[in-house]
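Take a look at the structure below.
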Amino acid sequence: MNIKIPFFNYQSLFKQQEKIFIEIFSDIGRRGAYILQKDLSDFELNIEKYTGVKHAIGVANATDAMQLLLKAGGIVSDDEVIFCSHTMIATASAIKFTGATPIPVEAGFDHLIDPQSIKKAITSRTKAIIPTQLNGRIANMCEILDIAKEYGLQIYEDSAQALGAKYKGKSAGSFGLGGCISFYPAKIIGCFGDGGMVLTNDESIYRKIKLLRDHGRSADGNVSVWGFNSRLDNLQAAILNFFLKSFDKTIKRRRDIADLYHQDLKDIDELNLPPATNSDQDHFDTYQNYEIETNKRDELKKYLADKGVGTLIQWGGKAVHEFRDLGFNQSLPITEKIMRNSLMLPLNMSITDEEIKYVCKSIRNFFNE
Ligand SMILES: *Cc1c(COP(=O)(O)O)cnc(C)c1O
């Protein structure tokens, strides 16, 4: 037996449609269209149409997108910004580099920010909340919007993992001042390198970020603010435009895979599964990841590896506040337990139904032994 199911197949991202990509590379090269060209503005327009968010601005990566958003929204030193500790370090570093203090709070049962935990962390210095729309699922934004309103706080979404996800019919990135999207290769739409985007319905944020991403320059060449160089490459935008054409199919396939996992694993008592595709009407999840929980996580990971199944522990198994060298001293027991018990199963566009059945069978065998 020589079964190998990788967690994510980076080669196949290119190989599955190699000819088309080579045509795209040639086309861009022949046109010499590298920076801030039509493919980028087309892609921005297409994302605006797809998400229903007014403005999409291509930037170098999602971490930059979040930092530019916080800058444009006026976050400065002395401010505190609340975020969920079950997130990538990037959420916190974007806060840190505005000079503000990142304040980590708990995740709830669905691994997303816990609204009650937000309330407890609010002080007179709190300026904003950043829910991470994790694993292709949007947090309970009604409750979070209520809290923001009550305390006069801004909302920014770390929606790096949530392109296409919806809550009560509204897209990730549309709930507060703006959201970031990542096009890292393993994300739900990934390019061949780094790429990111800001989504915003706010005119003033939009105008500021257009300047900030390109050295603070406006179209007439005048420089009115200190800016950055953080532009989404036109070549990456062309590739992303191509992937966007089949995005509905991609989301459908990902939800089908989640259904297969759910059907096959739901009877195992010792496993906690992500919410099922149709478990409630408010959420439309896109399953960027399929993150299961068990207190035998490390044994299960090893067992699956022996069976040829690749899995991944998100963020290396540490919540942001557990990086003590960065100055955090909080204790967040619920999040820490999630981090000790969580494991992501392979969910990608190259895995087959037979392979998913094999993964499930292996998991059942593990718990039966
Ligand atoms: C991937 C990711 C990021 C960072 O995205 P980059 O494009 O690599 O900067 C930030 N937050 C979350 C939740 C992510 O998953």
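The values are calculated or read from the model by the stated rules, or taken from the named source; none is laboratory data. Predicted model, so just to flag it, every value in this text is computed and none were measured. Here Cβ is always computed from backbone atoms with ideal geometry, including for glycine, and neighbour counts include all displayed protein chains. Just so you know, the surface numbers come from the protein's heavy atoms only, side chains and all, with ligands and any DNA or RNA stripped out. Shrake-Rupley method; radii C 1.70, N 1.55, O 1.52, S 1.80 Å.
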Exercise for the section: With respect to residue 98, determine if the residue is open to solvent by less than 10 Å² (accessible area, probe 1.4 Å) and either touching a Leu at 6+ places or on another chain (Cβ under 7 Å) or over 22 Å from residue 152 (Cβ atoms) (or both). Expected result: no
Practice task
Name the single residue, out of those in the range 167-191 being within 11 Å of the ligand (Cβ to nearest atom) and in a strand (DSSP E or B), that is farthest from the chain's Cα centre (by Cα).
Solution key: 179
Completion exercise
Here the residues within the range 30-88 that are within 30 Å of residue 104 (Cβ to Cβ) and more than 16 Å from the ligand (Cβ to nearest atom) are 51, 53, 55, 72, 73, 74, 75, 76, 77, 78, 79, 80
Fill in the blank from the handout: With criteria (1) touching a Ser or Thr at 6+ places or on another chain (Cβ under 8 Å); (2) over 18 Å from residue 160 (Cβ atoms), residue 83 comes up short on (2)
Practice task
Might you let me know whether the range 148-156 holds any residue that is closer than 18 Å to residue 314 by Cβ, open to solvent by 10 Å² or more (accessible area, probe 1.4 Å) and not hydroxyl-bearing (Ser, Thr, Tyr)?
Solution key: no
Exercise for the section: Return only the number of the condition from (1) surrounded by 23 or more Cβ atoms within 10 Å (Cβ to Cβ); (2) more than 14 Å from the ligand (Cβ to nearest atom); (3) assigned to a loop (DSSP other than H, G, I, E, B) that residue 123 does not satisfy. Expected result: (1)
Practice task
Search the range 197-223 for residues being over 19 Å from residue 42 (Cα atoms) and assigned to a loop (DSSP other than H, G, I, E, B), and hand back the single one that is least open to solvent (accessible area, probe 1.4 Å).
Solution key: 216
Problem - Enumeration of residues in the range 17-67 that are among the hydroxyl-bearing types (Ser, Thr, Tyr), open to solvent by 40 Å² or more (accessible area, probe 1.4 Å) and touching a residue at least 60 places away in the same chain (Cβ under 8 Å) - result: 34, 50, 63
Handout entry: Failed criterion for residue 194 (all others in (1) within 11 Å of the ligand (Cβ to nearest atom); (2) under 27 Å from residue 224 (Cα atoms); (3) open to solvent by 30 Å² or more (accessible area, probe 1.4 Å) hold)
Key = (2)
Problem - Search result, residues across the range 68-92 that are within 18 Å of residue 225 (Cβ to Cβ), open to solvent by less than 20 Å² (accessible area, probe 1.4 Å) and not in a helix (DSSP H, G or I) - result: 73, 75
Practice task
Answer yes or no as to whether residue 164 is more than 14 Å from the ligand (Cβ to nearest atom), open to solvent by less than 20 Å² (accessible area, probe 1.4 Å) and not in a helix (DSSP H, G or I).
Solution key: yes
Completion exercise
Those residues of the range 197-209 that are away from the ligand (no atom under 16 Å from the Cβ) and touching a strand residue (DSSP E or B) at 6+ places or on another chain (Cβ under 6 Å) come to a total of 3
